[in-house]
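Every read-out reported here was derived from the displayed coordinates using simple, explicitly stated rules and does not represent laboratory data. Quick caveat: nothing in here was measured; it's all calculated off a predicted structure. Here the Cβ is made from the backbone with ideal geometry for all residues, glycine too, and neighbour counts use every protein chain on show.
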Amino acid sequence: MKLDVVLGLQWGDEGKGKIVDFLAERYPVVARFQGGPNAGHSIHFGDTSFVLHSVPSGVFREGAVNIIGGGVVLDPTIFREECEAIEALGIPVRERVRIARRAHLIVPTHKLLDAADEASLGKSKIGSTLKGIGPAYSDKTGRNGLRVGDLEEDGFESKYETLKRKHMARLAQYDFTFPFDLEEAEAQWRKDAEYLKSFELIDAEYETNALLDGGKAILAEGAQGSMLDVDFGSYPFVTSSSTACAGACTGLGVAPARIGKVYGVFKAYCTRVGSGPFPTELGDATGELLRQRGHEFGATTGRPRRTGWLDLPALKYAVMISGVTELIMMKADVLDGFDTVKVASGYRVDGVRTDRVPYDVYAEVEPVYTTLKGWDCDLGACRSEAELPAAFKEYVAFIEREVGVPVRILSLGPDREQTIIRG
Ligand code: IMO
Ligand code: MG
C-alpha cells in the first residue's frame, strides 16, 4: 500500500481540512506529519463547522486511525482543549488518535519567545501565529527539545527545568514585557501534558510502515502551504517546518518510494496571512470582495487574510518541489459573477520577464496577467461537471495547460456535497 499526501500549494488556508475529511472515507489511516497548532483546518457539517489545529482531519470518520507524526509540534493545552471539543460532539477521540513519541512539545516559554522574537523584529516581523512554533522547532534542530516520549521518562522534570532556564536567559536579553502569567500557564501545561500522555503513544515510524505492509493506505495531511516551507518558501517569511512532500517522509518515517499520489490543494485565487511577498495581492475593492465572499479571516488567529488573483509561477513552483500528481481546486465559487478573472501567468522582476519565483523576497515583482472570461452562475449549486458553465471549464483547462497536471477535484463550497470528482 502507498502513502498518499495532501498538500497546500499556496500560503496555507487552501482548504486542506475539507479535502482530507472528504478523502478520509477511502483511507483507513490519516496522519499529520508537520506543523503544529498554527494550522487551522476547517470542516463543515451542515450548519456547523469545526476547526482542527493538531488532530488530523480524519477524526470525524468512523473507524479511522489518526496519527500525529513525529514531525509535528504539539501544545498539550491546545491539544486537550481540541480533544474535549471533539468529544463533546460524541466522537471517541481517544480511540481514534495516536501520537508519535518523537513529536516535539511546545512549552509555555516557547510562546513567550515567539512573541519576544516578533516584537524585536518590529516592522519586519514574520506575522507568526504566536503559538510557539518557531521556537519549538529551533529547540528541535538545536537539540534542546522535549519530546512526547520524554513524558514517559523519569528525568522529565529536570529536562523541562533545563529548557525553561535556557528560555528565561534568552528572554532576559529582550526589552520586552508581555501580559502572560507563566506560573499559571505552566500549572495548566503540566495537567494537560498528563492528559496527552494518557493517549496511545507510538513509535510512529514502525506503526506507519506496518500499516502500509498490512494493506492499509495512509493519507498524509499537510499543514500550511508550500510557499511557507522553511526551505522553499519566501524565507524568512515562512513557518519552521517542511510543508512540501518530502516532509511527509521525515515526519512519518516513510520512505520516498512508498509515496503514491500527491494531491495539491489550491484556491482558485490566493490568500496569505502574515507578512512576506505576495505578487498578485489586490489592495482594492476586488480584494475586499474576495475577502468577504471567501470568508478570508484566519481560522487560528482571526486575522483578515490578504487576497489576490491566482499566481501560476508560485503554483508551478510548488507542483515541481512536491511532484504533485493531481490538483484539487478550492473555492472557485468565490469568483462567481466577475466579468473577467485574472491569472498571473508570469512575472516581471526588475523589468525582466520570468516565470520563476525570485530568491529575493524584497525584489519588485510585477505580475503579468492573463485575463479570462468570467462566469455568471452559482457554482456552489452545480453537482456534476455537465452543469458547469463553459467559461469556468475554460478557467480550469487554462490552469491545467499551464501547470501540466490535471485538476481531479473541484470544491465549490464548504459542504461535502459541493465537491465534484472529474474524469
Ligand atoms: P493552515 O494549516 C496560513 C503563517 C503565519 C505566518 C507564518 C509563520 O491552516 O494552512 P508560524 O506561527 O508558523 O511561525 O507563522 O506562517 N502560517 C499560516 N498561514 N495557514 C496556516 O496553516 C499557517 N500556519 C502558519 O501567518 O505568516
Ligand atoms: Mg488555516
* **Gain in span if fully extended, Phe45 to Ser120, counting 0.36 nm per residue against the direct Cα distance** => 22.9 nm
* Asked: Label point 7 Å out from Tyr206 along Cα-to-Cβ: which residues of region 77-121 have amide N under 18 Å?
  -> 98-103
* What 222 nm value per residue comes from the helices of the chain, counting each DSSP H run with n ≥ 4 as -39,500 (n - 2.57) and dividing by all residues, nearest 500 deg cm²/dmol? -> -9500 deg cm²/dmol
* Treat each spin label as a single point 7 Å out from the Cα along the C-beta direction, and report the Thr141 to Ile421 distance in nm. => 3.9 nm
* Could you give me the percent of Cα pairs per 5 Å distance bin for region 266-421, shortest bin first, beginning at zero and ending with the bin that holds the maximum distance? => 2, 9, 18, 22, 21, 17, 9, 3, 1, 0
* Hey, what angle do you get for helix 182-197 against the long axis of the chain, alpha-carbon based, 0 to 90 degrees rounded to 10? -> 80 degrees
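Provide the FRET efficiency to the nearest 0.05 for the Tyr235-Asp175 pair, computing r from the beta carbons and using R0 = 25 Å.
Working: r = 27 Å, r/R0 = 1.06.
Rounded to the nearest 0.05, the efficiency is 0.40.
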* Asked: Quick one: how many lysine pairs in region 266-421 have C-alpha atoms under 16 angstrom apart, if they're 8 or more apart or on different chains?
  -> 9
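Ordered by packing density, taken as the mean number of other Cβ atoms within 10 Å over each peptide's residues, highest first, how do 80-87, 362-369 rank? Present the calculation step by step, with values, prior to reporting the outcome.
Details: 80-87: 16.9, 362-369: 15.1.
Going from most to least packed, we get 80-87, 362-369.
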* Separation between the Ala88 and Thr340 pseudo-spin-labels, each 7 Å from Cα along Cα→Cβ, expressed in nm? -> 4.9 nm
* Can you tell which of Ala103, Ala332, Ala31 shows the greatest fluctuation in a Gaussian network model of the chain with Cα springs below 10 Å? -> Ala332
* Between Glu184 and Thr301, with labels modelled 7 Å along Cα→Cβ, what's the label distance in nm to one decimal, could you check? => 2.3 nm
* To do: Give me the aspartates and glutamates in straight-line cross-link reach of Lys261: C-alpha distance below 14 Å, same-chain residues under 8 apart excluded.
  => Asp4, Glu221, Glu326
* Does a label point 7 Å from the Cα of Arg401, set along Cα-to-beta-carbon, have any residues of region 343-358 with amide nitrogen under 17 Å, and which are they? -> 343-346
* Please sort 2-10, 340-348 by packing, taking for each peptide the average over its residues of neighbouring beta carbons within 10 angstrom, highest first. => 2-10, 340-348
* Assuming R0 = 41 Å, can you tell me the calculated FRET efficiency for the pair Glu385 and Glu364, based on Cβ-Cβ distance, to the nearest 0.05? => 0.50
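Rank by packing, highest mean first: peptides 210-223, 290-303, with packing defined as the count of other Cβ atoms within 10 Å averaged across residues. Let's see the in-between values first.
Details: 210-223: 20.6, 290-303: 16.6.
Packing proxy ranking, top to bottom: 210-223, 290-303.
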* To do: Taking a cut-off of 24 Å between Cα atoms, list the lysines near Lys140, but don't count ones fewer than 8 places away on the same chain.
  => Lys111, Lys125, Lys131, Lys159, Lys164, Lys166, Lys191, Lys197
